[in-house]
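The values are calculated or read from the model by the stated rules, or taken from the named source; none is laboratory data. Bear in mind that the values here come from a model prediction, so they are computed numbers and not experimental data. All Cβ positions, glycine included, derive from the backbone under ideal geometry; neighbour counts span all protein chains shown.
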Amino acid sequence: MYKKTRGFTLVELMVVVVILGILLGIAVPFYGDYMRKAARAQAKSVALDLAQMEERFFTNNTTYRVVASGSGASLPTGWQNYSGSDFASRKYDVTVAAGATGDIATSFTITATPANGFTDPTCGTMTLDSRGTKSPATCW
């Protein structure tokens with residue numbers, strides 16, 4: 001009498017491996033897109049917060065404030081020049097410079113630039129100015 005052994009054949013295991021490979025091949029690119037969109041949303045949030053703070057600053061001081069990038073930048077409480085929970089894990093550096101008029105007293109441009117090894121091939125660098133113009137428009 002032959003005793004039937006229990007277990008999986010090599011063919012069955014290879015079918016499972018192929019199915020897992022196909023699922024991973026689909027899931028990984030979607031996950032990367034999701035992570036880029038999440039980082040972009042954080043950068044937009046920081047840029048819009050900075051625009052609001054710039055307008056408050058202008059109301060009190062009749063000028064806008066320059067915001068430099070880098071961890072050593074001197075910023076008022078509540079102002080942030082990067083996207084993310086801390087500077088070391090940032091995905092974008094956010095800066096404020098003089099806008100269309102060329103004078104920080106009358107206009108500003110906020111620029112969110114991918115940083116810290118992060119890239120965004122769809123949007124790249126995003127800008128927002130004191131007139132509310134957003135570029136590239138499809139990323140806002």
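Look at Thr5 and say whether it is without any contact (Cβ under 8 Å) to a residue 40 or more places away in the chain and closer than 30 Å to Ala100 by Cβ.
Values: without any contact (Cβ under 8 Å) to a residue 40 or more places away in the chain: yes; closer than 30 Å to Ala100 by Cβ: no.
It is false that Thr5 is without any contact (Cβ under 8 Å) to a residue 40 or more places away in the chain and closer than 30 Å to Ala100 by Cβ.
What number of residues within region 16-48 satisfy the criterion of being among the acidic types (Asp, Glu) and at pLDDT 95 or above?
0
Conditions tested, residue by residue: (1) part of a strand (DSSP E or B); (2) surrounded by fewer than 19 Cβ atoms within 10 Å (Cβ to Cβ); (3) out of contact with any strand residue (DSSP E or B) (no Cβ under 8 Å at 6 or more places or on another chain).
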residue	(1), (2), (3)
Arg40	no, no, no
Asp49	no, yes, yes
Phe58	no, yes, yes
Ser69	no, yes, no
Asp103	no, yes, yes
Thr113	yes, yes, no
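Given the conditions (1) without any contact (Cβ under 8 Å) to a residue 12 or more places away in the chain; (2) within 29 Å of the chain's Cα centre (by Cα), and given that Thr63 satisfies all but one, which numbered condition is not satisfied?
Checking Thr63 against (1) without any contact (Cβ under 8 Å) to a residue 12 or more places away in the chain; (2) within 29 Å of the chain's Cα centre (by Cα), the one that fails is (1).
For region 1-38, which residues satisfy the criterion of being among the hydroxyl-bearing types (Ser, Thr, Tyr) and either part of a helix (DSSP H, G or I) or within 11 Å of the chain's Cα centre (by Cα) (or both)?
To start, the set of residues in region 1-38 that are among the hydroxyl-bearing types (Ser, Thr, Tyr) comprises 2, 5, 9, 31, 34.
Selection gives Tyr31, Tyr34.
Is it the case, given these coordinates, that Ser107 is surrounded by fewer than 19 Cβ atoms within 10 Å (Cβ to Cβ), in contact with a Gly (Cβ under 6 Å, 6 or more places away or on another chain) and within 23 Å of Trp140 (Cβ to Cβ)?
Values: surrounded by fewer than 19 Cβ atoms within 10 Å (Cβ to Cβ): yes; in contact with a Gly (Cβ under 6 Å, 6 or more places away or on another chain): yes; within 23 Å of Trp140 (Cβ to Cβ): yes.
Considered against the rule, which asks whether it is surrounded by fewer than 19 Cβ atoms within 10 Å (Cβ to Cβ), in contact with a Gly (Cβ under 6 Å, 6 or more places away or on another chain) and within 23 Å of Trp140 (Cβ to Cβ), Ser107 comes out as yes.
Checking Gly84 against (1) free of Cβ contacts under 8 Å to residues at least 24 places away in the same chain; (2) of a type outside the set (Asp, Glu); (3) surrounded by 18 or more Cβ atoms within 10 Å (Cβ to Cβ), only one condition comes out false. Which one?
Here Gly84 meets the rest and fails (1).
For the list (1) assigned to a loop (DSSP other than H, G, I, E, B); (2) loosely packed, with under 10 Cβ neighbours inside 10 Å, I need the number of the one condition that Arg65 fails.
Unmet for Arg65, out of (1) assigned to a loop (DSSP other than H, G, I, E, B); (2) loosely packed, with under 10 Cβ neighbours inside 10 Å: (2).
Scan region 125-140 and report the pairs whose first residue is in contact (Cβ under 8 Å) with a residue 12 or more places away in the chain and whose second residue is in a strand (DSSP E or B) and of a type in the set (D, E, K, R), with Cβ atoms within less than 9 Å and a gap of 6+ or a chain change.
Pairs that qualify, where the first residue is in contact (Cβ under 8 Å) with a residue 12 or more places away in the chain and the partner is in a strand (DSSP E or B) and of a type in the set (D, E, K, R), are Met126/Lys134; Thr127/Lys134; Leu128/Lys134; Trp140/Lys134.
Are there any pairs, at least 6 apart or on different chains, whose C-beta atoms fall under 7 Å, with the first in region 43-54 and more than 13 Å from Thr109 (Cα to Cα) and the second among the basic types (Lys, Arg) and buried (at least 20 other Cβ atoms within 10 Å of the Cβ), and if so, which?
Within 7 Å, the pairs are Ala43/Lys91.
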